[in-house]
Amino acid sequence: MFVGICAAILMGIVHHYALSGILKFSPQRSDGSGFRIILTFSALLLLHVLELVTLAVFNTMVVASVLPQSFSNSPPMFQDVLYVTGISFSTLGYSSIEVVGPFRLLLMLQSLLGFMLLTWSATFLYSACQQVWQKAKDD
């Protein structure tokens, strides 16, 4: 569990710097066309896909080395781990693949992480939208 918490904190730090990079490289002046919104949305989508794949690789290593009996269909394929990670990260929480044992606690922690990162990104995107909409309203 400690390793999972450390990984979640590290993911939060990476997310912070990624958002800072998106802010730095997105156009600061908007012409009201919505290009900044689309660019921000696209960058956030890519960021979350990278986060999911990173977590799935981490989960695959955990399952392979520490918790080999975590899936009902052991050993799982990478796509199974990616699917379960995505379901957990997006906080849907339901999967047709059964996860058993202590690995469930790691997925629970990743659900919390996903909720926090997704809401952080949603707030970030809303802020970008608000700036564009305010500029369009003022013009």
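The values are calculated or read from the model by the stated rules, or taken from the named source; none is laboratory data. Because the structure is predicted, anything quoted here is derived from the model rather than measured. Quick reminder, even Gly has a Cβ in these numbers, built from the backbone with ideal geometry, and neighbours come from all protein chains shown.
Answer yes if at least one residue in the range 55-78 is closer than 17 Å to PHE115 by Cα and either loosely packed, with under 14 Cβ neighbours inside 10 Å or out of contact with any helix residue (DSSP H, G or I) (no Cβ under 7 Å at 6 or more places or on another chain) (or both), and no otherwise. Within the range 55-78 (the criterion being closer than 17 Å to PHE115 by Cα and either loosely packed, with under 14 Cβ neighbours inside 10 Å or out of contact with any helix residue (DSSP H, G or I) (no Cβ under 7 Å at 6 or more places or on another chain) (or both)), the answer is no, since none of the residues qualifies. Looking at the range 94-103, is at least one residue within 13 Å of ALA56 (Cα to Cα) and either surrounded by fewer than 13 Cβ atoms within 10 Å (Cβ to Cβ) or at pLDDT below 95 (or both)? Checked the range 94-103: at least one residue is within 13 Å of ALA56 (Cα to Cα) and either surrounded by fewer than 13 Cβ atoms within 10 Å (Cβ to Cβ) or at pLDDT below 95 (or both).
Those residues that are surrounded by fewer than 15 Cβ atoms within 10 Å (Cβ to Cβ), in a helix (DSSP H, G or I) and not aromatic (Phe, Trp, Tyr), I need them from the range 32-52; list them, please. Residues satisfying the conditions are ILE38, SER42, LEU45, LEU46, VAL49, LEU50. Of all residue pairs spaced 6 or more apart or on separate chains, those with beta-carbon atoms under 8 Å, a first member in the range 93-117 that is in contact (Cβ under 8 Å) with a residue 12 or more places away in the chain and over 17 Å from GLY4 (Cα atoms) and a second member that is of a type in the set (Val, Ile, Thr) and surrounded by 13 or more Cβ atoms within 10 Å (Cβ to Cβ) are GLY93/ILE87; SER95/VAL84; SER95/ILE87; ILE97/VAL84. Whether any residue in the range 74-87 is farther than 30 Å from LEU23 by Cα and charged (D, E, K, R) is what I want to check. The answer is yes; a qualifying residue exists.
If the condition is being among the β-branched types (Val, Ile, Thr) and more than 30 Å from GLN69 (Cβ to Cβ), then the range 93-139 contributes THR119, THR123, VAL132. Looking across the range 105-122, just one residue is loosely packed, with under 14 Cβ neighbours inside 10 Å and more than 14 Å from the chain's Cα centre (by Cα), and that is LEU105. The set of residues in the range 67-82 that are among the polar types (S, T, N, Q), more than 20 Å from the chain's Cα centre (by Cα) and either outside any loop (DSSP other than H, G, I, E, B) or within 25 Å of GLY12 (Cα to Cα) (or both) is empty.
Taking the conditions exactly as written (within 30 Å of PRO27 (Cβ to Cβ), among the hydroxyl-bearing types (Ser, Thr, Tyr) and over 17 Å from the mean Cα position of the chain (by Cα)), does SER96 satisfy them or not? No. Of a type in the set (D, E, K, R) and either part of a helix (DSSP H, G or I) or within 18 Å of MET11 (Cα to Cα) (or both) - does that describe any residue in the range 83-98? No - not one qualifying residue is present in the range 83-98.
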